[in-house]
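See below for the structure under consideration.
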Amino acid sequence: MSGLLLRLAGPLQSWGERSAFPPVRETAPFPTRSALIGMFAAAQGTARGDTAGLKKYEQVRLTVRVDRPGTLLEDYHTVGGGFPKERTAATSGGSNKDAAVITRRQYLTDAVFVVAVTAPDDLTAQLAAALRRPYWAPYLGRRSCPPDEPFLLRRHVDDPENELLTGVPLTSPEPRDDAEQSVPVQFLREHALPEGGPGATADIIEVNDMPISFAPHGRAHASRRLYRTTEPVHRSLAGPQKSLLTRLIDYAHAEEHA
């Protein structure tokens, strides 16, 4: 097993938890497994209806470091207003609504997440190659939300989860108190940590974001358990915001020069 590292940052992100389209399209407070697996499948050119093609992603383990949770934004959104009936939104019965569709869509603004993707070595290599030259471009939950660079921080890491704690620059200023040697950071893990270690005390949450099918008329998800922890990250990974981009680029390029 090995893995890769992704940094999910941008002006807007939106991680839907429901496959239906309610009047208020909510966002989860963190990247969902469904969205990330969908990103991998799209990068590899897997069709939405290819349910069998999703099986290989069951081997993938995801760990999310919450560098910055962002701020919730709700957008008032209309579709099809001011058009003739035939140009308004379609209905399930094959007709058209003859009116504007009004929804409210939630986004996270200025959020930053770093994701450790752990998988068998061959799948790690396939994902890294696809994310570097994707068949369909990755986005942060919605097509209107492109990711900032650097996006693919590392293409191969022996222990990507440990790298979140020891290597990846943190989007956070250093503690003001010189005596503080660590910064408390939230993590979302798909497995519990050993008892007695840092972050061993976790909030357990259930989320319905395990993708079974992305078929347009047959989307299906199952539930999974997440362990939400707060763990100490060494202060050396933090630093002034004005040097953050340089530190991230240096970190990403270090792999190429190794």
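Rule-based calculations on the coordinates, nothing more; no lab input. Note that this is a predicted model, so its numbers are computed, not measured. Cβ: placed from backbone, ideal geometry, glycine included. Neighbour counts: every protein chain shown.
Basic side chains Lys and Arg get +1 at the Cβ, acidic Asp and Glu get -1 at the Cβ, and with that the dipole of the chain about its Cα centre reaches some 1120 debye.
Considering all C-alpha pairs of segment 122-171, those separated by over 12 Å amount to 72%.
Classification of segment 20-75 by its C-alpha gyration tensor yields an oblate form. The axis ratio a/c (a ≥ b ≥ c) is 1.5 or more, and b/c is at least a/b. For the chain, the mean residue ellipticity at 222 nm estimated from helices alone is -5000 deg cm²/dmol, where every DSSP H run of n ≥ 4 contributes -39500 (n - 2.57) and the total is divided by all residues, rounded to the nearest 500. Percentage of Cα-Cα pair distances in the chain greater than 33 Å, rounded to whole percent? Summing the P(r) tail past 33 Å for the chain gives 23 percent. Restricting segment 107-159 to trypsin sites (Lys or Arg not before Pro) that sit in a DSSP loop and have at most 16 other Cβ atoms within 10 Å of their own Cβ leaves Arg143. Distant-in-sequence amide contacts of Leu140, defined by a placed amide H-H separation under 5 Å and a gap of 5 or more residues or a different chain, comprise Cys145. Compactness of segment 176-258 was expressed as the Cα radius of gyration divided by 2.2 N^0.38 Å, which yields 1.58.
Give the separation of the Cα centroids, segment 225-241 to segment 61-104, in Å. Here the answer is 34 Å between Cα centres. Between the helical axis of 33-43 and the longest alpha-carbon principal axis of the chain there is an angle of about 80 degrees. Each of the GluC sites (Glu not before Pro) that DSSP puts in a loop and that has at most 14 other Cβ atoms within 10 Å breaks the chain; the longest unbroken stretch is 1-179. What do you get for the angle between helix 244-257 and the principal long axis of the chain? Use alpha-carbon atoms, 0 to 90 degrees, nearest ten. Computed tilt is about 80 degrees. Using the Cβ-Cβ distance between Asp122 and Ile102 with R0 = 41 Å, the FRET efficiency computed as 1/(1 + (r/R0)^6) comes to roughly 0.30. For Leu12, the residues 5 or more places off, or on other chains, whose built amide H falls under 5 Å of its own are Asp110.
Between Ala220 and Asp158, the C-beta separation translates, for a Förster distance of 35 Å, into a calculated FRET efficiency of about 0.50.
Residues in segment 4-10 carry Karplus couplings, in order, of 9, 10, 10, 10, 9, 9, x Hz; the curve used is 6.51 cos²θ - 1.76 cosθ + 1.60 with θ = phi - 60°, and Gly or Pro positions show x. Amide H to amide H, with H built 1.01 Å from N, Ala238 comes under 5 Å of Leu170, counting only residues 5 or more places away or on other chains. Equivalent-ellipsoid semi-axes for segment 1-139 (Cα gyration tensor, √(5λ), whole Å, largest first): 33, 20, 12.
Taking a quarter of the surface of the Cα convex hull of segment 113-258 gives a mean projected area of 11.5 nm². Using only the alpha-carbon atoms, how far is helix 121-132 inclined from the longest principal axis of the chain? Give it as 0 to 90 degrees, nearest 10. Around 60 degrees separate the two axes.
For segment 54-150, the set of chymotrypsin sites (Phe, Trp or Tyr not before Pro) satisfying both a DSSP loop assignment and a count of at most 11 other C-beta atoms within 10 Å is given as Tyr135.
Counting every C-alpha pair in segment 68-175, the share spaced more than 17 angstrom apart comes to 70%. For segment 8-51, just say rounded, prolate or oblate: build the C-alpha gyration tensor, square-root its eigenvalues into a ≥ b ≥ c, call rounded for a/c under 1.5, and beyond that prolate if a/b exceeds b/c, oblate if not. Because a/c hits 1.5 or more and a/b fails to exceed b/c, segment 8-51 counts as oblate.
Restricting segment 162-239 to trypsin sites (Lys or Arg not before Pro) that sit in a DSSP loop and have at most 16 other Cβ atoms within 10 Å of their own Cβ leaves Arg176, Arg219.
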